[in-house]
Structure formats: C-alpha cells, structure tokens
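The values are calculated or read from the model by the stated rules, or taken from the named source; none is laboratory data. As the structure is a prediction and not an experimental result, all values here were calculated from the model. Every residue, glycine as well, gets a Cβ built from its backbone with ideal geometry; the counts of neighbours run over all protein chains shown. When the accessible area is computed, the model is the full protein with side chains, heavy atoms only, and any ligands, DNA or RNA have been set aside. Shrake-Rupley method; radii C 1.70, N 1.55, O 1.52, S 1.80 Å.
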Amino acid sequence: MPSAPVGAVSCHLEQPLRDETWEQFDALQRRRPGGFDVIALMRPPDAAYGEDEIAWLDRARAAAARGPFGLHTHWTSPTHARPTGGDPAARVRAEAEWMRAHGLEPRFFCGGAWYTDDDVRRTVAELGLVDCTVRGGEPTSGILPTTHSLGALARGALRPLPRFVHAYFHDYDLLDPFRRRALEVGLAVLSRRRPPRDPLSLAR
C-alpha cells in the first residue's frame, strides 16, 4: 500500500445487455470522471436465461479496451447473486476461463452480493485475479478492498476519509439522473482528496 492517499473506482455491470444501461456506462467510462479509470466488473451472460453471448462479448471487449476489466459472478441467476446450490468456486473458474477463451483477460473479481468462501478465495488467487470482494481496509497482495458505496461516497465527500478509498456503483445507478450526478460530483471531489492510481499496482 503506497504511503500517499489514493483512490479507485469500480462498476458492477449487472445489466450489460440492457441498452440504456450500457449506453450510460459506456459514456461514463469514456469521460473518466475525476480522472478515474473505472474498473468494469462484468457479469457474464447466462445462457440458461437466454442472454445473448455475442452482444455481451462486443460490449465486454469495448469495456476492456478502455480500462481495467474484471469478473462479477452471479451464482444463481441474472437477478439473484448469492449461490443457492452447486459449487461456487467452480462457477468462478468456469466464467473466468470462458472469458479467456473468448479473448478477454479479466484482472479483477468481485463476488455478487459480496459472497465468498475459502474455495472461492483460493480459486480467485489461482486464476491470478485481484479480489475486490473484501469490504473495507487497505490493499494487500491480490486484494483491492471495496470501501464505499455510491451513497457512502456522497456522504463522505466533505468528511474525513480513510487513506485508501475504493468506491463502487452499479450500472443501473446511472439510469437515475440524480444518482448519476451524485456519482460524477463525488468522483470529482474524491479525485482531489484521493487521487487515482492504477488499481493493479495497488494490489501488488
């Protein structure tokens, strides 16, 4: 962890195939609010629910070409993140390997609904992914903790902040003009108090 205060930002893309959601995220990623390269943590398409793999891959490749890219696993369904059966670690491995087989290289991971367990953590490390599932604290090797939600970022903009801030939001937050504006203002303020750094370098 560097001695100077630093910040990072990620987006949990849970609706990447919804056109209006994707358009808002795409525009925000291009703008780089506050100078932050937003980590795009994307939920892969679920064929069991008829999600379009080709359209997803087009959007994922665009996001990965513009900034940091990672995996956001929903274990049960597109709208139900936490596992209700099966092998959670195996799902993480299968999704990461599917991405790599299609020319994508995820560098980060965050479990849906903040779920993790020992096998998931071991698998994430074996895959060489930086784990963002941990809530709070400072980066360590292979770990980039998530510290602030959009609401916490807005509330903390003018209050004391920890030395390291990793703020996150969801892609669907961008559909609400008020929340979208709060995010842009919050990141502009954060960048002055906790300047952006390459998130991969923070977790080494």
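Given the criteria surrounded by fewer than 22 Cβ atoms within 10 Å (Cβ to Cβ), in a helix (DSSP H, G or I) and in contact with a strand residue (DSSP E or B) (Cβ under 7 Å, 6 or more places away or on another chain), does Arg91 qualify? Give the steps one after another, and end with the answer.
Values: surrounded by fewer than 22 Cβ atoms within 10 Å (Cβ to Cβ): yes; in a helix (DSSP H, G or I): yes; in contact with a strand residue (DSSP E or B) (Cβ under 7 Å, 6 or more places away or on another chain): yes.
For Arg91, the condition - surrounded by fewer than 22 Cβ atoms within 10 Å (Cβ to Cβ), in a helix (DSSP H, G or I) and in contact with a strand residue (DSSP E or B) (Cβ under 7 Å, 6 or more places away or on another chain) - is met.
The residue of region 168-184 that is farthest from Asp131 (Cα to Cα), among those that are among the acidic types (Asp, Glu) and surrounded by 17 or more Cβ atoms within 10 Å (Cβ to Cβ), is Asp173. Being assigned to a helix (DSSP H, G or I), under 16 Å from Ala8 (Cα atoms), at pLDDT 95 or above and not basic (Lys, Arg) is a condition met by at least one residue of region 169-183. The single condition among (1) polar (S, T, N, Q); (2) more than 27 Å from Asp26 (Cβ to Cβ); (3) touching a helix residue (DSSP H, G or I) at 6+ places or on another chain (Cβ under 7 Å) that Ser77 does not meet is (2).
Quick one: in region 112-139, which of the residues that are under 19 Å from Val165 (Cα atoms) and surrounded by 14 or more Cβ atoms within 10 Å (Cβ to Cβ) is nearest to the chain's Cα centre (by Cα)? Walk me through it before giving the result.
Just the residues of region 112-139 that are under 19 Å from Val165 (Cα atoms), to begin with: 114, 130-139.
Still in the list and also surrounded by 14 or more Cβ atoms within 10 Å (Cβ to Cβ): 130-134, 137-139.
Values: Val130: 11, Asp131: 10, Cys132: 8, Thr133: 9, Val134: 12, Gly137: 17, Glu138: 17, Pro139: 15 Å.
Within region 112-139, the match that is nearest to the chain's Cα centre (by Cα) is Cys132.
Residue under question is Gly151, and the condition is that it be assigned to a helix (DSSP H, G or I) and open to solvent by 10 Å² or more (accessible area, probe 1.4 Å); does it hold? Yes, satisfied.
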